[in-house]
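All remarks here apply to the structure that follows.
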Amino acid sequence: MDANASARLKKRGSAWALNIALFISMLIICLPGLWIVLNSLRPTVEIMAKPPVWIPRELSFDAYVDMFSGVGQGGIPVIEYFRNSVIIAVTSTIISLAIGMSGGYAFARYRFKGKSAWFLGLMLTRTVPGIALSLPLFFLYAKVGLIDTHAGMIIAYTALNVPFTIWLIDGFFRQVPRDLAEAAQIDGCTRWQAFWQVEFPLARPGIASAGIFAFLTSWNEFALASQLTRSTDSKTLPVGLLDYTAEFTIDWRGMCALAVVMIIPALLLTYAVQKHLVSGLTSGAIKG
Amino acid sequence: MATLTLSTLDKKYGGFHAVKGIDLEVADGEFVALVGPSGCGKSTTLRMIAGLEDISGGELRIGDRVVNDLPPRDRNISMVFQSYALYPHMTVAENMGFSLKIAGRDAATIETAVKEAARILDIEPLLERRPAQLSGGQRQRVAMGRAIVRDPDVFLFDEPLSNLDAKLRGQMRTEIKQLHARLGSTVVYVTHDQIEAMTLADRIVIMRGGVIEQVGTPDEVFNRPASRFVASFIGSPPMNMAEATVTRGALHFDDGTEFPVPPAFTVAEGRRVVLGLRPDDIYPEGHGIHSESGHAVERRELPVALSEPLGNETLLFTEVAGQNWTARMLNPRMVKRGEVLRFHLDLSRAHLFDAETGLTLRG
């Protein structure tokens, strides 16, 4: 066999090997999600079986029907939990993005005293595990009456998200050449118009990513929410999962069904926002 | 179109004095180039004119309006950036029409203006493309188109050609010149490339360390440089220089070489001076343009250290007065390394500068 043919074969072989490796990795990543969907559709006996039953014998939507059938009939207040989750996650995402855009822009564009110290300080807050904050937050909230309120959760999640959104959006604004905003000003824009007409559209992928991250953090967070919420007035979906645990039993099927209900909006949102995540929009602005 | 007046214009960044009270008058329709090495304050000056930098002191007028504190959008100027600064999320047509859109003009007016500018710059087929789909030269044209559409009082160019390759740069230079002739607009053009300045400008402003060293036509700054700095900055290859002391009416160089004082100058005995001679004015016998029969031609037998053939001419490097000097050989022939040639040094075209102040000694 000549060298070219063997090189060609080797190239094809390694492409196949790469595809197989990717398939296996994706399988491992997707398996837990698939398992949750599967478990929400079959009885607890099958879920708990050892060795595991990979292919379900019968599928039913009983868990979903029960979930929505009202308190006392095996159901949980899923509508209220859903409403709370939406209010808390959406509001805290909007506030985090507003602060993140202002902060990120300021860090990317302006020079001011103590800039690096501020930035480092913001990043350091990320090193504190959220759960470590739960006790101090609990005492504080108990004093000011924020326990079991939407506002309390919104404030907590906004505080958690802001350092990250600032950091992410700062990076994207840095990639937008300063010349563009200046060109826009010369073209007749005010500083404000230059931002919205030119810099904002170009940093949109970063702002969209920050938005998704902020939303998912608030949507999925459990540890803090389980401490700071009490009733259906403010309990979020992840806390609602606890409704399926009793003193001696856990309703795994119901829990998985609620998890699926939680995952679907997050998936839909990510899918809707992903078209804004196209990168490389700034290419062509300057030489190249 | 309008005049532009800078009166003791000043810029300080904290303790750093970037522009030190410069005065400049640009006439209506005039093309003025600001040149100088990096950090000389030329770009800062341009940015002050544009309104992108605050003015620390002095006065800036466009026409008869003082515009010191007006934001860029109220100055009615256009600027072409070194990076082009095209909006990547807009098409070429949207880029060019952006200023009119912001000004609230109707769609028909914008379209007419954009089409007209595109026709002038020959970019009509590109109007629906985005900047990322254009080559460097096309982007450059679009950036100029965006400036034209506004019909501004003053055009500002900030090193607009420095990102292009040499061939395209030459071509765009010609186009800018034609465009200026056609539009008759007032232009301030910043460049560090003295060839661009020489070829384009009606007048050249040479800056160094935040001050203006000389303002003059290309002919003036080339043939009558006000200082040693201007002489070395304008002209390529740069002017040859060597320090000497005037003794008994002659220039005595540190290595013992002696030349007569150039005829256009009278210098006091004992003064330290710098002799400057352009490469065009030192050439092997029979290979130069200037006054072969001139009365101030010095002849010297000198060995050639190195030669650079350029086709139509050859640059020869040889040691004169202890310095490496460049000579220009027209109608060239092969020159071997170390070959001794009879060089003519045309002192009637030489320059003398004060060794301390660097200023010309021409009366």
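The values are calculated or read from the model by the stated rules, or taken from the named source; none is laboratory data. Keep in mind the model is a prediction, meaning the values are calculated, not measured. Heads up, the Cβs are rebuilt from the backbone with ideal geometry, glycines too, and the neighbour counts pull from every protein chain shown.
Among the residues of the range A:196-204, are any modelled with pLDDT of 90 or more and either more than 30 Å from residue B:147 (Cβ to Cβ) or away from every other protein chain (no Cβ under 14 Å) (or both)? No: zero hits. If the condition is being touching a residue at least 60 places away in the same chain (Cβ under 8 Å) and among the aromatic types (Phe, Trp, Tyr), then the range A:36-61 contributes no residue at all.
Just so you know, in the range A:154-195 the residues that are closer than 19 Å to residue A:95 by Cα and polar (S, T, N, Q) include one that is farthest from the other protein chains (Cβ to nearest Cβ), and it is A:158.
Quick check, is residue B:88 under 25 Å from residue B:2 (Cβ atoms), assigned to a loop (DSSP other than H, G, I, E, B), within 13 Å of chain A (Cβ to nearest Cβ) and in contact (Cβ under 8 Å) with a residue 24 or more places away in the chain? Spell out the reasoning first.
On the way: under 25 Å from residue B:2 (Cβ atoms): no; assigned to a loop (DSSP other than H, G, I, E, B): yes; within 13 Å of chain A (Cβ to nearest Cβ): yes; in contact (Cβ under 8 Å) with a residue 24 or more places away in the chain: yes.
Considered against the rule, which asks whether it is under 25 Å from residue B:2 (Cβ atoms), assigned to a loop (DSSP other than H, G, I, E, B), within 13 Å of chain A (Cβ to nearest Cβ) and in contact (Cβ under 8 Å) with a residue 24 or more places away in the chain, residue B:88 comes out as no.
Among the residues making up the range B:256-279, a single one is touching a Gly at 6+ places or on another chain (Cβ under 7 Å) and of a type in the set (Val, Ile, Thr): B:261.
Let's see how each residue does on (1) under 20 Å from residue B:259 (Cα atoms); (2) among the small types (Gly, Ala, Ser); (3) without any contact (Cβ under 8 Å) to a residue 40 or more places away in the chain:
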| site | (1), (2), (3) |
| --- | --- |
| B:309 | no, no, yes |
| B:321 | yes, yes, no |
| B:345 | yes, no, no |
| B:348 | yes, yes, no |
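Being surrounded by fewer than 13 Cβ atoms within 10 Å (Cβ to Cβ), in contact with a Leu (Cβ under 8 Å, 6 or more places away or on another chain) and of a type in the set (Phe, Trp, Tyr) is the filter here; which residues of the range A:50-95 pass it? A:61 - this is the single residue of the range A:50-95 that is surrounded by fewer than 13 Cβ atoms within 10 Å (Cβ to Cβ), in contact with a Leu (Cβ under 8 Å, 6 or more places away or on another chain) and of a type in the set (Phe, Trp, Tyr).
Scanning the range B:161-192 for residues that are surrounded by fewer than 21 Cβ atoms within 10 Å (Cβ to Cβ), touching a residue at least 60 places away in the same chain (Cβ under 8 Å) and within 14 Å of another protein chain (Cβ to nearest Cβ) turns up B:162, B:163.
Being in the same structural domain as residue A:211 (by TED's automatic domain parsing), modelled with pLDDT of 95 or more and either part of a helix (DSSP H, G or I) or crowded, with 20+ Cβ neighbours inside 10 Å (or both) is the requirement here; does residue A:154 meet it? Step through it out loud before you land on a result.
Numbers: in the same structural domain as residue A:211 (by TED's automatic domain parsing): yes; modelled with pLDDT of 95 or more: yes; either part of a helix (DSSP H, G or I) or crowded, with 20+ Cβ neighbours inside 10 Å (or both): yes.
So residue A:154 fits the description; yes.
Filtering the range B:151-193 to residues that are in contact with a Gly (Cβ under 8 Å, 6 or more places away or on another chain) and within 21 Å of residue B:100 (Cα to Cα) leaves B:153, B:185, B:186.
Inspect the range B:59-66 for any residue being modelled with pLDDT under 95, in a loop (DSSP other than H, G, I, E, B) and over 18 Å from the mean Cα position of the chain (by Cα) and give the result as yes or no. For the range B:59-66, residues modelled with pLDDT under 95, in a loop (DSSP other than H, G, I, E, B) and over 18 Å from the mean Cα position of the chain (by Cα): present.
Restricting to the range B:121-134, and then to whatever is at pLDDT 90 or above and more than 9 Å from chain A (Cβ to nearest Cβ), can you tell me which residue is nearest to residue B:185 (Cα to Cα)? So, considering only residues that are at pLDDT 90 or above and more than 9 Å from chain A (Cβ to nearest Cβ), the one nearest to residue B:185 (Cα to Cα) is B:123.
With respect to (1) under 15 Å from residue B:286 (Cβ atoms); (2) assigned to a loop (DSSP other than H, G, I, E, B), the lone exception for residue B:363 is condition (1). One residue stands out among those in the range B:100-120 that are assigned to a helix (DSSP H, G or I), within 12 Å of another protein chain (Cβ to nearest Cβ) and of a type in the set (A, V, I, L, M, F, W, C): the one that is surrounded by the most Cβ atoms within 10 Å (Cβ to Cβ), which is B:100.
Can you name the residue in the range A:205-229 that is of a type outside the set (Gly, Ala, Ser) and within 11 Å of the chain's Cα centre (by Cα) and, of all such residues, is farthest from the other protein chains (Cβ to nearest Cβ)? Looking at residues that are of a type outside the set (Gly, Ala, Ser) and within 11 Å of the chain's Cα centre (by Cα), I get A:221. Tell me whether the range B:148-164 contains one or more residues that are under 25 Å from residue A:188 (Cβ atoms) and part of a helix (DSSP H, G or I). Taking every residue of the range B:148-164 in turn, at least one turns out to be under 25 Å from residue A:188 (Cβ atoms) and part of a helix (DSSP H, G or I). Counting only residues that are touching a strand residue (DSSP E or B) at 6+ places or on another chain (Cβ under 6 Å) and assigned to a loop (DSSP other than H, G, I, E, B), which one in the range B:1-19 is surrounded by the most Cβ atoms within 10 Å (Cβ to Cβ)? My answer is B:2.
Quick one: which residue in B:122, B:106, B:151 is more than 30 Å from residue B:26 (Cα to Cα) and over 23 Å from the mean Cα position of the chain (by Cα)?
Exactly one residue qualifies, and that residue is B:106.
When the residues of the range B:1-43 are narrowed to those that are among the aliphatic types (A, V, I, L, M) and under 12 Å from residue B:61 (Cβ atoms), which ends up modelled with the lowest pLDDT? Before you say what the answer is, go through the steps one by one.
Of the residues in the range B:1-43, the ones among the aliphatic types (A, V, I, L, M) are B:1-2, B:4, B:6, B:9, B:18-19, B:22, B:24, B:26-27, B:32-35.
Retained after the next criterion (residues that are under 12 Å from residue B:61 (Cβ atoms)): B:2, B:4, B:6, B:9, B:24, B:26.
Values: B:2: 88, B:4: 95, B:6: 95, B:9: 94, B:24: 96, B:26: 96.
Filtering first and then ranking leaves B:2.
Please find, among B:320, B:273, B:304, B:297, the residue that is of a type outside the set (Phe, Trp, Tyr), surrounded by 13 or more Cβ atoms within 10 Å (Cβ to Cβ) and farther than 23 Å from residue B:341 by Cα.
Working: B:320 fails: farther than 23 Å from residue B:341 by Cα; B:304 fails: farther than 23 Å from residue B:341 by Cα; B:297 fails: farther than 23 Å from residue B:341 by Cα.
Unique residue meeting the criteria: B:273.
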